[in-house]
Amino acid sequence: MARMKFLCDADRCIECNACVTACKNEHEVPWGINRRRVVTLNDGKPGERSISMACMHCTDAPCAAVCPVNCFYTTADAVVLHSKDLCIGCGYCFYACPFGAPQYPKVGNFGSRGKMDKCTYCAGGPEADGSKEEYEKYGANRLAEGKLPLCAEMCSTKSLLAGDGEIIAQIYKERVMKRGYGSGAWGWKTAYRETIES
Amino acid sequence: MVSFARFVRAAVGACALLLLVVAAPAPVGAQQVNPTASSVKEQQLLQELNRIQGRVSIPDERSGVLEQPQGRQWREFHNVTLRWIGGIAIIGMLAVLVIFYLTRGMVRLESGRSGRTLVRFNIYERFVHWMTATCFIILAISGLNITFGRPLLLPLIGFENFSEWSLWAKYAHNYLSFPFTIGVVLILLMWIGGNIPNKVDVEWLKRGGGIVGHDHPPAYRFNAGQKAVYWIVVIGGGLVAASGYVLMFPFYTTGIEGMQMAQIVHSVVAVLFVAAMIAHIYIGTIGMEGAFEAMGTGEVDVNWAREHHSLWLDEQMARTGPNDGRPQPATAAAE
Amino acid sequence: MLIKRTHQHSPRQGSVVESLAARAGGLDRRSFLRKSGVAGGALAALGTMPLGSVRKAEAAKAGPLTEGATIRKSICTHCSVGCTVTAEVLNGVWIGQEPSWDSPINRGSHCAKGASVRELVHSERRLRYPMKLVGGQWTRVSWDTAINEIGDKLQAVREKSGPDSVYWLGSAKMTNEGAYLFRKLGAFWGTNNTDHQARICHSTTVTGVANTWGYGAMTNSYNDIRNAKTQVVLGGNPAEAHPVSLQHLLEGKELQKANFVVIDPRLTRTAAHATEYVRMRPGTDIPVLYGMMWHILQNGWEDKEFIRQRVYGFDDIKKEVEKWPPEEVERVTGIPGEQLKRVAKMFATEKPATLIWAMGQTQKTVGTANVRASCIALLMTGNVGKAGAGANIFRGHDNVQGATDVGLDIVTLPFYYGLAEGAWKHWSRVWEVDYDFLKSRFDSKQIMETPGIPLTRWFEAVTLPKDQVAQKDTVKAVFVQGHASNSITRIPESLNGLKALELLVIADPHPTTWASLAVEAGRKDGVYILPVATQFECKGSRVASNRSLQWGEQIVKPIFESKDDLEVIYLMAKKLGFADQMFKKIKVENNLPEAEDVLREMNRGSWSTGYCGQSPERLKAHMKNQAKFDMLTMRAPKDDPEVGGDYYGLPWPCWGSPEVKHPGTPLLYNTNLHVMDGGGTFRPRFGIEREEKLPDGTTRKVSLLADGSYSLGSGIQDGYPEFTLASLKKLGWDSELTEAEMAVINKVNPANPDTVSWALDLSGGIQRVALAHGCVPYGNGKARMNAFGLPDPIPVHREPIYTPRVDLVAKYPTLPDAKQFRMPNIGFSVQKAAVEKGIAKQFPLILSSGRLVEYEGGGEETRTNPWLAELQQDMFIEINPADAAERGVKDGGWVWVTGAENNSRARMKALVTERVGKGVAWMPFHFGGWFAGKDLRGNYPKGTDPIVLGESANTITTYGYDPATGMQEPKVTLCQIAAA
């Protein structure tokens, strides 16, 4: 069975933010919610690298483990999704998430959080595939249409890879072998408890 | 052939290493740099900091944290450590109390009721107590729900019901925190006078509060046990309130580490607090005859006062005589 | 429990992925190889393959929400890469974007801007209907009223002050057809004051490069950079300005194990991926290049055979290079000699090497000389006219190359014919109007043949005394269609111009900073804003930087009351009374000229540049068959019935009529190919020989034709001049012309048909015959290292007008004051005064400017898009930590930036970063809507204000104009920063 993963090849990422706006475009994500973001390390210094990050759809996902209402579930493709009907906006998944993926719309009083929102790997939510309800709550369901997440599909330099973990790992490995350098599959050890040996 | 290839690889590797070594100490802004060779590496950053942070253009500073694997430690705490602490503290306390009740039973008034009463808590004090107590119970249940609801309650009532209940519990938890906090502050102010530890407490503690056997160590208005409860409420309440507000206004004052820390403090203090309060409730209700009246009607039997707060009774008697079974306004006692 | 999909749907999910895995295992190796453009094992190919292409093979099915949607393709215009945008349209609404896998240029990819273009169309904040300023209030008017009132006012200005008093400012955002018609509108109105963005981005490139080897354009292509062994970026930050190009640059770097050298004052996002980063002082490009050439000549790394055969003026350059030994280069640029030597060696010996540049070289008073020096470096090392080499000039928009080609410019008619009588006569033949009619539209024949005023100085043309502007009167009215005012330097002074104008017309999807600054300048009336459709609501051809033409479909109809550019131009022409003449040969329906027909007219007249072969039918076939073009060579298989053998987008020159089926020219001046396969030679554009003075006082004649070099299969195996009827006769090839062709030639010049050249022959016969003999119609000449005729024929280093290195001004002063483009250029006086007044002490920081990936140009369009605006919410200035510490400036804190002229000041946030070196500050140029600390949000018509406003970089920028083009100097000036 497939195991969908993301991999950002930092030696290709140029912080063009295509992944960020592609996500906004595909799912009509509102202002203030950033399902995906690009972080630049060592900004302005030699060795600077940018990495696009969203929910990594972890193996044994911490968000799912700590959720007080158990609103997360994992699909057959190992995509970690959640039900906004069940979410109570407690914020615990954000504390547990190693990647800062969960986002909360600001609603109501003080710091009160609305239903959590995060990257769905373009795989929607519990509602019927491609239904209007699913789109309104979670955005488009590309996976059900046989397409991969738009962020990776539109990546300007093919830095962000999405797809079956073994395949994208292989692509990355080949790249590193061919060019002779690679700063690592960022987040893989944390998310999937494995690294790509190259 | 093979060994030659290996040699070449080793040599290239050595050169690359050398390059890194050379590149590393070069001063920032130096002209001769190879940004490709000197790029940052994930594992190296994680080893150094256990957190990877950078720059993002969006104003949300949280998003600058690329990776924080300590989230996994927090998860371990939340899902395992906290449940053990909470379980042991609360179930342990219940167990102790059950055993105690079965062996000791209710602490009776040894000399029976005198029929004469004494004002122990006035209406204002009782209002503050019960406001705080009510809030506390709801906060405790809604709080415990977050930690224990998923394994205990969810399977019984199902996802939808549990989420619905948890959502309301969350609202209750957030909103009742305000009266609770006010209550804690008022408790701090109104009872601090009687709760400063003194020598009598040493004696009281030495004699184990008289729990075992039929001893009645002397005490002023608050004995050492009650003082302990007071300080647990004041300090514990202060801590849960403070950490709670950090959680309620997420990221206003701190980053992800601070949030995790606040949650740890909040939850650990809270479960211990709950355990302590269970004991308090026990003593105040089925644990001791005549105790509940203190917070119920606000008046206690003189004999109860003599047995449990002899020094306080002496004080009160010195000021004014006990009434004749008629309730007296709180102010009268002070006249 | 919750899992919906696991059990019900897993088989399908599984199948998708399994077949994905199967393909990756090498089942469809051929398609992998074709896509990735490399030979080797399947996995090696996989390593560079867009993942999407694996997925693409899956027949992706529409979901319930997109069912019934039609797919339309257009082109993103935000930069010059030319990414195809694939739109899903349902019931006239653009509901989604999909990756454009088939485009050989972007292969599915986009940047932040391209991935969010859908928002531009259905933006809530677009201008919805025409408005005019009445008593300081924006008031809605109808299109009819607006056109009538504007037309009447323009006629009044014309009667009083002459046609040159109206400034027609067009746009690179228009299609070729729009830009061409806008230029034509200027011609029929009777002025050469028609300009567009190329003036402020690459006018110096066009002039400098064309003066070197014939055409002012990128010689190779983004895709071809994959072939380079050494990539040098000098004066560009493509990672932010042309992000999708980095796909080709970085993959090329990886596959070729190429050197990737970035020479820049900032450690940019591009530099972060370099194999060598060189920090230079802004404004010293020529010393850097000469410094490299010094090492090249010193070590004999130059390509001697190439120089002998194909280059003129090498000895002159040698003399100039001798003035730049490593010590002097380091003194001026700050680059150590050893590092530059290393770069020079790579550039000259690890070939093919390409030089990539953008506005870092061009936007300076020495812009033309900068790009000339770059061309010279390429010529010296033989790095032109080959795969993987060349001058890869990254233009600003996808259509700035096209708008330049179609002559939306002050110095030429369409397709670089110039402004001489012959050019006007050529176009009057193409347009089938009387030459005398055109002449009658102008104030005089003399002004008809005089270059117009550059847009960089429009406000001076309004405010200078009448006697200093060499036309009948100063400028009284500005009609701007698709240009930002905040991308022009010296905003404080432009306010005077805005105030003094009698009429300002802004035609744009957004009101732009023209509107907000006009109100700020104190205008109460005389301003009209007309809603124009975005490029996704129009159809037509656009030219990417690599000279490929791509036809964009109309994705949705113009929304609200907005109109297509072409319709606005037609309505103006109709109102002004010359629509019948101007649209004589163009079909117009419901006031909308047909884009296809406009292109056909261009085809009929554009022989000089080879826009003659790209008929709308061929371009549409290319868009339809995108998948057939090879990613690396950009060529379709020869046996394809529709696009067989063509290069993608028929990159110009695409010689002859469409029937000749020339495939286009992917690499300019490439002698390794037959001209019918896209081969070429340097263009002998400046005579065939030149008289040179020798030291002893005698003269000698030196040939400017190639020496023993010619394109593959050439019928003439040496240099040759351009083809005319006379030269065909001389070669005995004239008999191959058909009777019909001869008839046309005789009609072109009945008096002397022998002088009719390849560029003027409207039959295309001369080109056809030349091509048949394997010859390039324009001839086979030498590229010029010595570009006699330019202000600096040999590039000379000149310090910026405002330089921190006052010690160098005496040795490297700017050119003397002179009159250029109808106006005085007093750069020398300004530089001298700045030195004398000690400006560099008051304003010690060098200020440069550039692009952010999220925004484009003046930025109003992109700052209105919430998906982009969220990512850059504040105007900022980059400052080095050391400079910040000296000034008590904190990262993210507010600062005041003050400029060297007009007591200018601007409030923005500080970004404390080592991207910039000490002594250098940098600002993005996309912000607007604030002025001198004041928020101008209230000046926009209600509901049309962009989400993000901020200070314009050009509030701080200063005087300085390139003598050859009028280019401004926003890339290097001085400023001071203080914590606010």
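From the list A:C155, A:C119, which residue is modelled with pLDDT of 95 or more, at the interface with another protein chain (Cβ under 7 Å from one of its Cβ atoms), farther than 22 Å from B:E164 by Cα and assigned to a loop (DSSP other than H, G, I, E, B)?
On the way: A:C119 fails: at the interface with another protein chain (Cβ under 7 Å from one of its Cβ atoms).
Only one candidate passes the filter, namely A:C155.
Take the conditions over 24 Å from B:R72 (Cβ atoms) and at pLDDT below 95 and apply them to A:G125. Does it pass? Please lay out each step first, then the result.
Details: over 24 Å from B:R72 (Cβ atoms): yes; at pLDDT below 95: yes.
Yes; evaluated as a whole, the condition is true for this residue.
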In the range A:3-18, what residues are more than 8 Å from chain C (Cβ to nearest Cβ) and under 23 Å from A:G44 (Cβ atoms)? A:C8, A:D9, A:A10, A:C13
Filter the range A:145-164 down to the residues that are in contact with a Lys or Arg (Cβ under 8 Å, 6 or more places away or on another chain) and farther than 20 Å from A:A101 by Cα and list them by number. A:E145, A:G146, A:K147, A:T157, A:K158, A:D164
May I ask you to say which residue of B:Q31, B:Q68 is in contact with a Pro (Cβ under 7 Å, 6 or more places away or on another chain), surrounded by 17 or more Cβ atoms within 10 Å (Cβ to Cβ), facing another protein chain (nearest Cβ under 8 Å) and at pLDDT below 70? B:Q31
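Every residue, every condition in (1) closer than 19 Å to C:A833 by Cα; (2) not in a loop (DSSP other than H, G, I, E, B), yes or no:
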position: C:P941; (1), (2): no, no
position: C:D945; (1), (2): no, no
position: C:T957; (1), (2): yes, no
position: C:A964; (1), (2): no, no
position: C:M967; (1), (2): no, no
position: C:I977; (1), (2): no, yes
Residue list for the range B:143-163, filter: more than 9 Å from chain A (Cβ to nearest Cβ), over 21 Å from B:F273 (Cα atoms) and not in a loop (DSSP other than H, G, I, E, B): B:P151, B:P155, B:L156, B:I157, B:N161
Given (1) surrounded by fewer than 19 Cβ atoms within 10 Å (Cβ to Cβ); (2) closer than 22 Å to C:N939 by Cβ, where does C:L127 come up short, assuming only one miss? (1)
Residues that are acidic (D, E) and over 24 Å from the mean Cα position of the chain (by Cα): does the range C:346-368 have at least one? yes
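Go through C:G656, C:G708 for me and flag whichever is in contact with a helix residue (DSSP H, G or I) (Cβ under 8 Å, 6 or more places away or on another chain), surrounded by 23 or more Cβ atoms within 10 Å (Cβ to Cβ) and either in contact (Cβ under 8 Å) with a residue 12 or more places away in the chain or not in a loop (DSSP other than H, G, I, E, B) (or both). Steps first, answer last, please.
Numbers: C:G708 fails: surrounded by 23 or more Cβ atoms within 10 Å (Cβ to Cβ).
Step by step, each of C:G656, C:G708 is checked, and only C:G656 is in contact with a helix residue (DSSP H, G or I) (Cβ under 8 Å, 6 or more places away or on another chain), surrounded by 23 or more Cβ atoms within 10 Å (Cβ to Cβ) and either in contact (Cβ under 8 Å) with a residue 12 or more places away in the chain or not in a loop (DSSP other than H, G, I, E, B) (or both).
Got at least one residue in the range B:194-213 being away from chain A (no Cβ under 14 Å), acidic (D, E) and touching a residue at least 12 places away in the same chain (Cβ under 8 Å)? Steps first, please.
Of the range B:194-213, the ones away from chain A (no Cβ under 14 Å) are B:194-213.
Those left that are additionally acidic (D, E): B:201, B:203.
Checking the rest, the ones that are also touching a residue at least 12 places away in the same chain (Cβ under 8 Å) come to B:201, B:203.
Looking for residues that are away from chain A (no Cβ under 14 Å), acidic (D, E) and touching a residue at least 12 places away in the same chain (Cβ under 8 Å), one finds at least one in the range B:194-213, hence yes.
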All-but-one check, B:R51 against (1) buried (at least 17 other Cβ atoms within 10 Å of the Cβ); (2) at the interface with another protein chain (Cβ under 7 Å from one of its Cβ atoms), failing number (2)
Among the numbered conditions (1) touching a residue at least 60 places away in the same chain (Cβ under 8 Å); (2) under 26 Å from C:T957 (Cα atoms), tell me where C:T463 comes up short. (1)
The condition from (1) away from every other protein chain (no Cβ under 14 Å); (2) without any contact (Cβ under 8 Å) to a residue 12 or more places away in the chain that B:G225 misses is numbered (2)
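Let's see how each residue does on (1) more than 25 Å from B:G64 (Cβ to Cβ); (2) outside any strand (DSSP E or B); (3) in contact with a Phe, Trp or Tyr (Cβ under 6 Å, 6 or more places away or on another chain):
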| position | (1), (2), (3) |
| --- | --- |
| A:S50 | no, no, no |
| A:T59 | yes, yes, yes |
| A:A78 | yes, yes, no |
| A:F94 | no, yes, no |
| A:P98 | no, yes, no |
| A:K115 | no, yes, no |
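Kindly evaluate C:M923 against the criterion of being under 23 Å from the mean Cα position of the chain (by Cα) and farther than 13 Å from C:S849 by Cβ.
On the way: under 23 Å from the mean Cα position of the chain (by Cα): yes; farther than 13 Å from C:S849 by Cβ: no.
Here the answer is no, as C:M923 does not meet what is asked.
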A:G47 vs (1) buried (at least 24 other Cβ atoms within 10 Å of the Cβ); (2) in contact with a Pro (Cβ under 7 Å, 6 or more places away or on another chain): all pass except (1)
Every residue in the range A:170-186 that is of a type in the set (A, V, I, L, M, F, W, C), in contact with a helix residue (DSSP H, G or I) (Cβ under 8 Å, 6 or more places away or on another chain) and crowded, with 19+ Cβ neighbours inside 10 Å, please. A:I171, A:A185, A:W186
Kindly indicate whether any position in the range C:253-267 is within 16 Å of the chain's Cα centre (by Cα), under 30 Å from C:P813 (Cβ atoms) and crowded, with 24+ Cβ neighbours inside 10 Å. no
With respect to the numbered conditions (1) farther than 17 Å from A:C58 by Cβ; (2) in contact with a Leu (Cβ under 8 Å, 6 or more places away or on another chain); (3) not in a helix (DSSP H, G or I), which one is the sole condition not fulfilled by A:K178? (3)
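How many of the residues in the range C:753-789 are in contact with a strand residue (DSSP E or B) (Cβ under 8 Å, 6 or more places away or on another chain) and part of a loop (DSSP other than H, G, I, E, B)? I'd like the intermediate steps shown before the answer.
Start the filter on the range C:753-789 by keeping residues that are in contact with a strand residue (DSSP E or B) (Cβ under 8 Å, 6 or more places away or on another chain), which leaves C:754-758, C:766, C:774-775, C:779-786, C:788.
Then drop every residue that is not part of a loop (DSSP other than H, G, I, E, B), which leaves C:756, C:758, C:774-775, C:779, C:782, C:785-786.
Within the range C:753-789, residues that are in contact with a strand residue (DSSP E or B) (Cβ under 8 Å, 6 or more places away or on another chain) and part of a loop (DSSP other than H, G, I, E, B) number 8.
Quick one: which helices (runs of 4 or more DSSP H) lie wholly within the range C:175-282 and hold at least 2 residues that are among the hydroxyl-bearing types (S, T, Y) and farther than 30 Å from C:E594 by Cα?
Working: elements: C:176-189, C:198-201, C:203-213, C:238-241, C:245-255.
Filter on the range C:175-282 gives C:203-213.
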In the range B:247-265, is there at least one residue being within 30 Å of B:V98 (Cβ to Cβ) and either surrounded by fewer than 21 Cβ atoms within 10 Å (Cβ to Cβ) or modelled with pLDDT of 85 or more (or both)? yes
Can you tell me which residues in the range C:509-546 are under 25 Å from C:A241 (Cα atoms) and in a helix (DSSP H, G or I)? C:T512, C:T513, C:W514, C:Q535, C:F536, C:E537
I'd like to check something: does the range C:301-308 contain any residue that is crowded, with 24+ Cβ neighbours inside 10 Å and either outside the structural domain of C:N780 (by TED's automatic domain parsing) or not in a loop (DSSP other than H, G, I, E, B) (or both)? no
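Determine whether C:D164 is crowded, with 19+ Cβ neighbours inside 10 Å and over 30 Å from C:L549 (Cα atoms). I'd like the intermediate steps shown before the answer.
Working: crowded, with 19+ Cβ neighbours inside 10 Å: yes; over 30 Å from C:L549 (Cα atoms): yes.
Yes: the conditions hold for C:D164.
Can you find even one residue in the range C:912-928 that is hydroxyl-bearing (S, T, Y) and within 14 Å of chain A (Cβ to nearest Cβ)?
Kept after step one, since they are hydroxyl-bearing (S, T, Y), are these residues of the range C:912-928: C:913.
Now drop any that are not within 14 Å of chain A (Cβ to nearest Cβ), which leaves C:913.
Scanning the range C:912-928, I find at least one residue that is hydroxyl-bearing (S, T, Y) and within 14 Å of chain A (Cβ to nearest Cβ), so the answer is yes.
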Please tell me if A:G111 is over 30 Å from C:N259 (Cβ atoms), surrounded by fewer than 23 Cβ atoms within 10 Å (Cβ to Cβ), at pLDDT below 90 and facing chain C (nearest Cβ under 9 Å). no
Would you pick out the residues in the range C:800-858 that are in a loop (DSSP other than H, G, I, E, B), away from chain A (no Cβ under 14 Å) and among the aromatic types (F, W, Y)? C:Y802, C:Y812, C:F821, C:F843
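The values are calculated or read from the model by the stated rules, or taken from the named source; none is laboratory data. Bear in mind that the values here come from a model prediction, so they are computed numbers and not experimental data. Here the Cβ is made from the backbone with ideal geometry for all residues, glycine too, and neighbour counts use every protein chain on show.
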